[in-house]
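Below is one structure, written out as structure tokens; the observations come after it.
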Amino acid sequence: MKNFRIIPRLEIKTDKVIKGIRMEGLRKVGDPTELAVEYFKDGADEIFYDDIVASLYDRKYNLNLIKKISSNIQIPLLVSGGIKSLRNMHEIFNAGADKIALNTNAYLNPNIIYEAAKVFGSQSICVQIQFKQYYENYWEILTESGRERTGKNIFDWINEVQLMGAGEIILISVDHDGIGNFISSDTLKEFRSKCKLPLIYGGGINSNENILDLIDLKYDGASISNALHFNKMQISNIKKHVSKIKNNIINL
């Protein structure tokens, strides 16, 4: 598991972690700080704080909550949601975030990716790509937490994001979000072949075998929410299982 990251995704609405199915039918899960600390203690490599309504409701992110979470963990904190300007980014970094992830506003203003990478460094700038399959071999990117279609093919957007200077891409499958049904290996392989940047995947991850698939396909991390929130998986157990499998392979 060297360099492969397990990244719990905390989907934030107001001041609570919520979880839905395909980003709809949201239910409360718990307190963001408590969950972040729990996952940090269990071996998470990073925490993904994703305010899923900031852009949708055109409201500001919760700086106090970001500060509280960052001060209680000792792993990188990635923040997404409602980030529209370099000034917003300054505020979020000053609140303790280590990286930011752009989604809706990256699509509406792609130049912000270039500007942010130039000011803060590519290593601090991620782009979150929420996508849905509409027919065979066509995946379209969505904005506003999976609510708005864009008409843009995922491969075109991956290429644009790379050219604009992003340091990492996080793929979130709306089709598989919250349903415990993993995406096909062939699809993941195709996405990986088109992306030269570090690549994280989230959506439908529900077993250690899913993690092994991602590692074998040269992904750089897994973003997990439902399976962790509802105790279907535990980070420490994931790491033990994967380490055991990898060691057995080496010793063959």
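Among the residues of the range 151-166, write down those that are open to solvent by less than 30 Å² (accessible area, probe 1.4 Å) and in contact (Cβ under 8 Å) with a residue 40 or more places away in the chain. Across the range 151-166, the qualifying residues are Trp157, Val161, Gly165, Ala166.
In this entry, Ile200 is excluded by the filter for residues that are among the aliphatic types (A, V, I, L, M), open to solvent by 20 Å² or more (accessible area, probe 1.4 Å) and in contact (Cβ under 8 Å) with a residue 24 or more places away in the chain. Restricting the search to the range 86-108, which residues are over 19 Å from Glu168 (Cβ atoms) and either touching an Asp or Glu at 6+ places or on another chain (Cβ under 9 Å) or acidic (Asp, Glu) (or both)? Scanning the range 86-108 gives a single hit, Glu91. Specify the residue that is nearest to Arg9 (Cα to Cα); the eligible residues are those in the range 72-105 that are crowded, with 24+ Cβ neighbours inside 10 Å and not hydrophobic (A, V, I, L, M, F, W, C). Ranking the qualifying residues of the range 72-105, first place goes to Ser80.
Looking across the range 215-232 at every residue that is assigned to a loop (DSSP other than H, G, I, E, B) and at pLDDT below 95, the one that is surrounded by the fewest Cβ atoms within 10 Å (Cβ to Cβ) is identified as Asn231.
For Ile200, indicate whether it is among the β-branched types (Val, Ile, Thr) and in a loop (DSSP other than H, G, I, E, B). Judged against the criteria, Ile200 is not a match.
Within the bounds of the range 179-191, is there any residue that is polar (S, T, N, Q), closer than 16 Å to Lys132 by Cβ and part of a strand (DSSP E or B)? No, that holds for no residue.
Residues in the range 171-196 that are crowded, with 17+ Cβ neighbours inside 10 Å and aliphatic (A, V, I, L, M): Leu171, Ile172, Val174, Ile183, Leu188.
Whether any residue in the range 64-78 is within 24 Å of Thr150 (Cβ to Cβ) and modelled with pLDDT under 95 is what I want to check.
Within the range 64-78, none of the residues are within 24 Å of Thr150 (Cβ to Cβ) and modelled with pLDDT under 95.
Would you please name the residue that is farthest from Lys132 (Cα to Cα), looking only at residues in the range 32-62 that are open to solvent by 20 Å² or more (accessible area, probe 1.4 Å) and either of a type in the set (S, T, N, Q) or at pLDDT below 95 (or both)? Applying the filter and picking the extreme gives Asn62.
Screening Ser124 on (1) open to solvent by 20 Å² or more (accessible area, probe 1.4 Å); (2) among the polar types (S, T, N, Q); (3) within 18 Å of the chain's Cα centre (by Cα) shows it passes everything except condition (1). Given the criteria in a helix (DSSP H, G or I), hydroxyl-bearing (Ser, Thr, Tyr) and open to solvent by 50 Å² or more (accessible area, probe 1.4 Å), does Tyr134 qualify? So Tyr134 fails the test. Among the residues of the range 187-203, which ones are in contact with a helix residue (DSSP H, G or I) (Cβ under 8 Å, 6 or more places away or on another chain), farther than 17 Å from Glu160 by Cα and not hydrophobic (A, V, I, L, M, F, W, C)? Result: Tyr201, single match.
Quick check on Lys246: is it over 30 Å from Val161 (Cα atoms), at pLDDT below 95 and either part of a helix (DSSP H, G or I) or in contact with a Ser or Thr (Cβ under 8 Å, 6 or more places away or on another chain) (or both)? It is true that Lys246 is over 30 Å from Val161 (Cα atoms), at pLDDT below 95 and either part of a helix (DSSP H, G or I) or in contact with a Ser or Thr (Cβ under 8 Å, 6 or more places away or on another chain) (or both).
The values are calculated or read from the model by the stated rules, or taken from the named source; none is laboratory data. What you see is a predicted model; the values in this text were computed from it and never measured. Reconstructed Cβ throughout: ideal geometry from the backbone, glycine too, with neighbour counts over all protein chains shown. These area figures cover heavy atoms from the full protein model, side chains too; ligands, DNA and RNA do not enter into them. Shrake-Rupley method; radii C 1.70, N 1.55, O 1.52, S 1.80 Å.
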